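The values are calculated or read from the model by the stated rules, or taken from the named source; none is laboratory data. What you are looking at is a predicted structure, and each value in this text was computed from that prediction instead of being measured. Note that each Cβ is placed from the backbone with ideal geometry, even for glycine, and that neighbours are counted across all protein chains shown. For the accessible areas, the whole protein counts, side chains as well, though only heavy atoms, and no ligand, DNA or RNA atoms are used. Shrake-Rupley method; radii C 1.70, N 1.55, O 1.52, S 1.80 Å.
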Amino acid sequence: MADKSKGSGGDGGRQPEMDATEGNMSTPMIAMQTTDDGSDELWTAAEMEDATPCDIIEIDDDDLAEDEAPAETQDAGGGTVVEGGAPDDDAEAAEEDTQATSGGYNYPGPFTRYEVFTPYTQYPYRAMGKLFFKRGGRNFVCSASSVGNNAIYSAGHCLHAGNNSSSGWATNVVFVPAYRDGQAPYGQWQAKQLFVRTSWYKHGISKGLAQDMGAAVLHKRNGKKISQVVGWLGFAWNWSKYQHWCQYGYPAASPFNGRRLIANHSSFAYHGSVGANPKPIGVGSDLTGGSSGGPWVLKFGTSNYLNGVNSYRRSSKPQEMYSPYFNNNAKSLFDTVRNIN
């Protein structure tokens, strides 16, 4: 699968080693695991249903005020993309969402949120799914998306605790695309290697939130790559902040139950301040824990570019969501995982 770029500009308790590459931290390769009965489905349906939603990170306003950093320019036109692709069976594409915005909003930014009723087996929905993992002896769940080759993309806090320690890595990580009501139509895909941005690994909350991005390389299933089975989202970086995104995820904290894919459509509202650059992008949203790592899709229905992930909100603002701004940092992580077979 060749990329086309265009534009104007868990190992069962063993301590993972650390490798810094292009500003990214990783675990060593993780072998395929099987259960006692020889199955490669590591999680039972009951365990997936009962997994604790990994919280959308909430930050106190006072803490953020202490971490103010100078702004960087993020509104230059242009931007660059890598194209996505439908799976091998080339399912019918979803309809295009073309709404755009030319300015920001005060809190609460407007948003439209609804349950996805289109069959999840339709591209690009099938490229999205739930991310299950273990940390500290507990089962957790986030959201993630397929981004080509054997790779998926999510939030950094879903894959590492941001505690500057190898003990912070998630284990028993599996991606379940098109999850719905406890069903896994394309099976469980085990992670072979985990990656997060070095800034998140070392600094965590709050300065690390500017690069709260994580990714994983998955083992093949039945000789096929994840991208061959469910397709993959394109990737957009260095775009103007004035965009309209379709955000997706599996919120499981009240009032949601994590059993269905939820869509949230909103446009740029304002910047976040976490004491580091680039400043995160804020939009209107009421998605809850479990949606962490879910994709922000730019030009949904036609190009389907990943251009953000659900990351955090301020504790006093329940109707907002921030994503790291996708610049060359995000692209570095993308390139790293896309180039591993």
Does the range 250-259 contain any residue that is open to solvent by 30 Å² or more (accessible area, probe 1.4 Å), part of a helix (DSSP H, G or I) and either in contact with a strand residue (DSSP E or B) (Cβ under 6 Å, 6 or more places away or on another chain) or of a type outside the set (Ser, Thr, Tyr) (or both)?
no
Counting only strands (runs of 3 or more DSSP E) entirely within the range 103-204, those with at least 3 residues that are buried (at least 20 other Cβ atoms within 10 Å of the Cβ) and either among the hydrophobic types (A, V, I, L, M, F, W, C) or touching a strand residue (DSSP E or B) at 6+ places or on another chain (Cβ under 8 Å) (or both) are 128-135, 138-148, 151-154, 171-177, 189-197
Given (1) farther than 16 Å from residue 311 by Cα; (2) within 15 Å of the chain's Cα centre (by Cα), index of the condition residue 245 fails
(1)
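Just the residues that are aliphatic (A, V, I, L, M) and part of a helix (DSSP H, G or I), please, taken from the range 219-249.
Those that are aliphatic (A, V, I, L, M) and part of a helix (DSSP H, G or I): 226, 229, 230.
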Test of understanding: among 291, 266, 285, which residue is part of a strand (DSSP E or B) and buried (at least 24 other Cβ atoms within 10 Å of the Cβ)?
266
Tell me which of these residue 216 doesn't satisfy, since it passes every other one: (1) open to solvent by 10 Å² or more (accessible area, probe 1.4 Å); (2) not in a helix (DSSP H, G or I).
(1)
Look at residue 329 and say whether it is touching a helix residue (DSSP H, G or I) at 6+ places or on another chain (Cβ under 9 Å) and open to solvent by 10 Å² or more (accessible area, probe 1.4 Å).
yes
